[in-house]
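Quick note: the coordinates plus some simple rules give every number you see, no bench work behind them. Remember, it's a predicted structure, so these values are computed and weren't measured experimentally. Cβ placement follows ideal geometry from the backbone for every residue including glycine, while neighbour counts extend to all protein chains displayed.
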Amino acid sequence: MPVKLGHFRFRLLQRWIFTPALLLALTTPGKLMAQTVTADYPPDNAPAKSRPRIGLVLSGGGARGYAHIGVLQYLEKMHIPVDYITGTSIGALVGGLYASGISPDVLQHGMDTINLNDLVFDRNDRAKLPQSQREDDFQYPISINAGFGDKKLKFAPGLIQGNNLLALLQNLTQQLPSDISFDKLPIPFHAIATDLGQGNEVVLKQGSLPEAMRASMAVPGLFAPFQIKGQTLVDGGLVSNLPIRQARDMGADIIIAVNIATPLQDPAKFQSPSAVAQQMLTILIQQNVKAQEALLGKQDVLIEPNLPDLALTDTDQADNTIKAGLDAAQRLSKKLAPLSLPEDQWKAYLAQRQAAIKPIQEVRIDAIDIHTSGNIPPEYVRSRMNVKEGDVYDSAELNQQLSQLSTHGDFSTLRQEIITENGKTVLRIDAEDKSWGPQYLLFGAGFSSYLNGKGGYNIQLGHRYPWMNSSGLEWRNDLTIGDTYADLRTELRQPIFGYGGMYIAPYVDINRRYVDVYDGNSLHGTPATQYRIDKTTTGIDLGIPIARLGEIRTGVNYQSTNYSAAYNIKLDDGTMLYDSYKTDQPVAHLQVTVDQLDDPLFPHKGYYLYGEVERGFGVSDYRYSTSQVKGLWALSSGSNTINLAVEADADLSSNDNGFGYSLGGFQRLSAYSTDKFTGNYLLYGRVTYLHDLENDNLFGLRKPVIGSSFELGNVWLTRKTFGDGPYRKSLSLFLGGNTPIGPLYFGGALGQRGNWNLYVQLGRVF
């Protein structure tokens, strides 16, 4: 029965998200026989002449499309056959999967089990990203896909490239040939898309089913357009969101149409230009829906579920939305009842559908054809794929490998398919580079405001120019400008020994920072002076990956540093109270980074470890020597999370200026202003509790949390006093969450001796 095949494909879906190794085991030859649709559709698959032919029409509507599953559940419960399916956007996805043999119950189970937001939004397991991607993810939280090339600024055609979604659809339909007439599916099916170049409707009824579903739901501005046979396709809702006419053209006598399109909003609630643009799009869609609804006759059924005000991406409301679809169909039971089949005819109908699916023998790959664009050579893709000629074709395993390849951030689209050329079975892989390149921009920002004490700001801009040559040379530039800190770093990374991850990196770093000096690090008062520290570092490093955990960097550099006091006091002996001086020193260093956090902003699981040792060498009056270690551990249970952070720093150099390290500011002793305490030695610890709130859009915060932290730490000037008390303490309470420009926190903190603060903090903390 189709349900059995559906359960098999649900297991594929489940393991694609959670356990790729188990997925590989389940789909290995000998473990489970592959199935395919026969090339010759059984002639008796057409509906019996004694009953009318029924066409099911499923509209688009984002997350509201879960209601389609509820309608399908009711139709199967009432033994109402479906002879044709047309669908647009999410309707094409649900309709296409159902037409291929997946039951509605299995679809619902899938909604309950996987994180569709992560899937649809191309979110990969952060722990599996290359370290360079984790670095950028940590430093640049503003998600804008921008770049430049051909002497102009470019932006990505969509926020989401949809690679993970396409891979899942390929896995769920891997029993189908990559080029098939959709009329030969267990239930004949057509998907609707829009030709972005011509503006006309495109009926997808031949080719790759997963690609047709992906193209039909390419919501403009959200999903990147999809290329099929030279046409640039986007969401079919722009031209036919409820494709009734197309179902008639397929041969349907009776239409069951399910309209879940987004309703118009009250203009009084508009709070942004994007809301007005969304309303305009909804108006256009409603106009084509009304034109299609006018084609319905008395014998047809229009189902319009009563749905809550769901955003396009509100996938967490799946169960309630499915139930709304089932309830809406049930309310029309009197009109649907005449379409129900007796038990014997229903069984015959199901058997007829199943007859379209025949088991086949395994397919072995005779040749591999890889197509890439730009400077990225096919050999790079080949080196990342664990597949060779003679292997058994396994769509799920190949997509898992392509998914891992996509984490490197080199491609906008990765596709694989099996084709036949000159009698040979060829695995074709298409890897398209990003259309908004070849150079890319990254953005970050930080801002802090304190009721007691100074705040600050910084703006971050990153530039990446990967694949400057076919060996993978990358140019990386990072600029930070703030009120007390500025830094410009330029670096070249040249891979060595192939594409294994090792590289050499010559770099130059120019840094300026301002440090307030307080009299004895007192808790109160204004700074005694401010030092400006200008530092230029020129060096070369060797980068070595630590599997997928992180990386080691080691190398040598030359550091030149100037220290100058902004204002000074002349002593009785004619000397100045605050020295100005310069140091020059060749330095060897070793840096180890391990980053396994699931989220760099609000980590719920994983850990982060960082350690660096620098030692001066050669002839110099200044004996430079520093060590730094810090870590963060995150552990969650349900909606509750504990973060534990520690840090220990030591500047063992032959000076006692006390400018090496600082404490003060949000989550750095939150009750005190930024960089309130400075010294050559530092110890710090923090325990933070986070509780996830159910409201996913509280005060504009996405995934909001309330939290509390207890902090303990201090700085010391000399090694002799290092570790001695007293330790500064701070207790804070805050509300935080993600925004389009980074994490945002509102909170208050209480320290010692009456010190307290209220603060607003934008930007990363750890």
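Note on M280/T739: beta-carbon distance plugged into 1/(1 + (r/R0)^6) with R0 of 22 Å gives a FRET efficiency of 0.30.
Is the C-alpha gyration tensor of the range 603-700 telling us rounded, prolate or oblate? Criteria: a/c under 1.5 is rounded; beyond that, a/b larger than b/c is prolate, otherwise oblate. Display every interim value, and only then the final one.
Numbers: a/c = 3.72, a/b = 2.20, b/c = 1.69.
Verdict is prolate for the range 603-700.
For the range 364-433, the Kirkwood hydrodynamic radius comes to 12.3 Å, computed from all pairs of different C-alpha atoms. Here's how it looks for Y684: its modeled amide H is under 5 Å from those of E647, which are all 5 or more places away or on a different chain. All other residues whose Cβ lies under 13 angstrom from that of N562 are scored, Lys and Arg at +1 and Asp and Glu at -1, for a net of +2. Under the simplified labelling scheme, the N375-N562 pair shows an inter-label distance of 3.5 nm, with each label point 7 Å from Cα along Cα→Cβ.
Here the gap between I419 and I504, fully extended at 0.36 nm per residue and compared with their Cα-Cα distance, gives a gain of 26.6 nm. Net charge of the neighbourhood of Q667, taken over other residues with C-beta under 13 Å away and scored Lys/Arg +1, Asp/Glu -1, is +2. Between L652 and S625, T626, S627, the built amide H atoms are under 5 Å apart, and every one of these is 5 or more places off in sequence or on another chain. With contacts taken as Cα pairs under 8 Å at a separation of at least 6 residues, the range 200-314 carries a relative contact order of 26 percent. For K269, a cut-off of 30 angstrom between C-alpha atoms picks up these lysines, skipping any fewer than 8 places away in its own chain: K290, K323, K703.
Quickly estimate the mean residue ellipticity at 222 nm for the chain, helices only: each DSSP H run with n ≥ 4 gives -39500 (n - 2.57), and the total goes over all residues, rounded to 500.
Working: 17 runs with 169 residues, N = 766.
Estimated from H runs of four or more residues: -6500 deg cm²/dmol.
Across the range 364-433, C-alpha contacts under 8 Å between residues 6 or more apart give a mean separation that, scaled by the residue count, equals a relative contact order of 45 percent. Working note: Karplus 6.51/-1.76/1.60 with θ = phi - 60° gives the range 590-607 the couplings 9, 10, 10, 10, 10, 10, 10, 6, 6, 8, x, 9, 10, x, 10, 7, x, 8 Hz, where Gly and Pro are set to x.
Since only P81, T407, A396 are under comparison, the one whose Cα sits farthest along the positive direction of the charge dipole of the chain, derived from C-beta charges on Lys, Arg, Asp and Glu, is P81.
Which entries of K605/K630; K205/K335; K454/K582; K154/K434; K454/K676 show an alpha-carbon separation above 19 angstrom in the structure shown?
Details: K605/K630 17 Å; K205/K335 30 Å; K454/K582 29 Å; K154/K434 10 Å; K454/K676 9 Å.
The pairs that break the limit, which is 19 Å between Cα atoms, are K205/K335; K454/K582.
Rounded to the nearest 10 degrees, the angle from helix 318-331 to the longest Cα principal axis of the chain is 20 degrees. Annotation: extensible slack from K77 through D584 equals 174.5 nm (criterion: 0.36 nm per residue apart, minus Cα-Cα distance).
Summary of the geometry: the range 637-680 and the range 348-390, compared by the centres of their Cα atoms, lie 53 Å apart. Around the amide H of D391, modelled in the peptide plane, lie the amide H atoms of I365, all under 5 Å away and 5 or more residues distant in sequence or on another chain. With the biggest extent put first, the Cα atoms of the chain measure 114, 59, 47 Å across the principal axes. Remark: the range 546-556, residue by residue, has Karplus-estimated 3J(HN,Hα) of 9, 6, 9, 7, x, 7, 10, 10, 9, x, 10 Hz, where x stands for each Gly or Pro and the curve is 6.51 cos²θ - 1.76 cosθ + 1.60 at θ = phi - 60°.
For D391 and R489, compute 0.36 nm times the residue count separating them, minus their Cα-Cα distance, and round to one decimal in nm.
Values: separation 98, 0.36 × 98 = 35.28 nm, distance 4.59 nm.
Full extension of this stretch gives 30.7 nm more.
Across the options L339, G736, T538, the greatest Cα extent toward the positive end of the charge dipole of the chain (unit charges at beta carbon of Lys, Arg, Asp, Glu) belongs to L339.
Taking the Cα atoms only, what angle lies between the long axis of helix 2-17 and the longest principal axis of the chain, rounded to 10 degrees? For 2-17 against the chain, the angle is about 10 degrees. What the phi angles of the range 141-152 give under the Karplus curve with 6.51, -1.76 and 1.60, with θ = phi - 60°, is a coupling list of x, 7, 8, 10, 8, 10, x, 8, x, 6, 6, 8 Hz, glycine and proline written as x.
A Förster distance of 35 Å, applied to the separation of the beta-carbon atoms of T529 and T721, puts the FRET efficiency at 0.95. Against the chain, whose longest principal axis comes from its Cα atoms, helix 66-77 is set at around 30 degrees.
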